[in-house]
1. Rounded, prolate or oblate, given the Cα gyration tensor of region 105-247, with a/c below 1.5 counting as rounded?
2. Using θ = phi - 60° and the Karplus curve 6.51 cos²θ - 1.76 cosθ + 1.60, what whole-Hz ³J(HN,Hα) does each residue of region 88-98 get, with Gly and Pro shown as x?
3. Computed over the Cα atoms of the chain, what is the convex hull's projected area averaged over all directions, in nm²?
4. Going toward the positive end of the dipole of region 28-168, with +1 on Lys and Arg Cβ and -1 on Asp and Glu Cβ, which of SER98, ALA136, GLY56 do you reach last?
5. Rounded to the nearest 20 debye, what is the charge dipole size of region 119-242 about its Cα centre when +1 sits on each Lys and Arg Cβ and -1 on each Asp and Glu Cβ?
6. For LYS270, list the lysines whose Cα falls under 22 Å from its own Cα; do not include residues on the same chain fewer than 8 positions away.
7. Counting Lys and Arg as +1 and Asp and Glu as -1, each charge on the Cβ, what is the dipole of the chain about the Cα centre in debye, to the nearest 20?
Amino acid sequence: MSNSTETSLLAYRQQSYGDDPTKVRDTNKYTDEYVRGFVEKWDDLIDWDQRSETEGSFFIEELRKRGVKRVLDVATGTGFHSVRLIEAGFEVVSADGSPYMLAKAFENGRRRGHVLRTIQADWRWLNRDVAGRFDAVICLGNSFTHLFNERDRRKALAEFYSALKHNGVLILDQRNYDSILDHGFDSKHKFYYCGEQISALPEHVDDGLARFCYSFPDGSKYHLNMFPLRKRYVCDLMQQVGFQRVDTFGDFQETYHEPDPDFFIHVAEKC
Ligand code: SAM
């Protein structure tokens, strides 16, 4: 069987978490979780224009004010930020560990008149597969949450750090798990980019797992098992791997009351 046939057959698989889904706490699981049905639905329902409107020009401004030209999108997913940044004039390389996600991103880029430069790369071995140094690395859409142990997180952050030029910047976001762990889930804490038609609700949360169920209007349901990252912990890890300054925004605002934001956005400077 050719590689591409194999990849497309794999993409059509159902999600599978075995007898006890709460036991699945594995960094390598992400490639199985983003099955084709999930990704197609997600992209059909998320209005890219709506998502652009919600984010505004936050990322573009953070990058422009640092004179960024070359960006490495390490969690390309279906290509939303890669496309947005290309359209804003940045030179973008689009990486992801999931070949199926990259194929979808490429297709989405083509539909908007762009040819995405895609590279399949797992963050833990990023610099083995991605050549060159970048002014910025972005890891957005609550992606870092897929790493289930600290060694993988340190390794990934160290790889992001070394993919940057000496004065480069890493922008990485995460869901506000502190709020969920400390105060319980509040339905207003939805994915800001999920759209009204998708519900994203936690089925199980403990210190080592946040298992969310995504329900779609046609009745289909998909899951993601994620590690509930605490904000302070992520900032500390970034500093420990060498980032000199980390500023954290809450839902794109500089000032916020800790439990309120849905998302935190860390802007980490290398020097
Ligand atoms: N950034 C996109 C967005 O905002 O729409 C996609 C977000 S999606 C929640 C997470 C992405 O991270 C997926 O495309 C997944 O394949 C990728 N990913 C997760 N763990 C990874 C790893 N260890 N190495 C590379 N990519 C990974």
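Every read-out reported here was derived from the displayed coordinates using simple, explicitly stated rules and does not represent laboratory data. Fair warning: this is a prediction, and the values are worked out from it, not measured in the lab. Positions of Cβ are generated from backbone atoms using ideal geometry, with glycine treated the same way; all protein chains shown enter the neighbour counts.
1. Cα axes put region 105-247 in the oblate bin.
2. Rounded to whole hertz, the list is 8, x, 7, 8, 10, 10, 10, 10, 6, x, 9.
3. 14.1
4. The listed residue farthest towards the positive side: ALA136.
5. The calculated dipole for region 119-242 is roughly 340 debye.
6. By straight Cα distance, LYS270 reaches LYS65, LYS69, LYS155, LYS165, LYS231.
7. Value, rounded to 20: 1020 debye.
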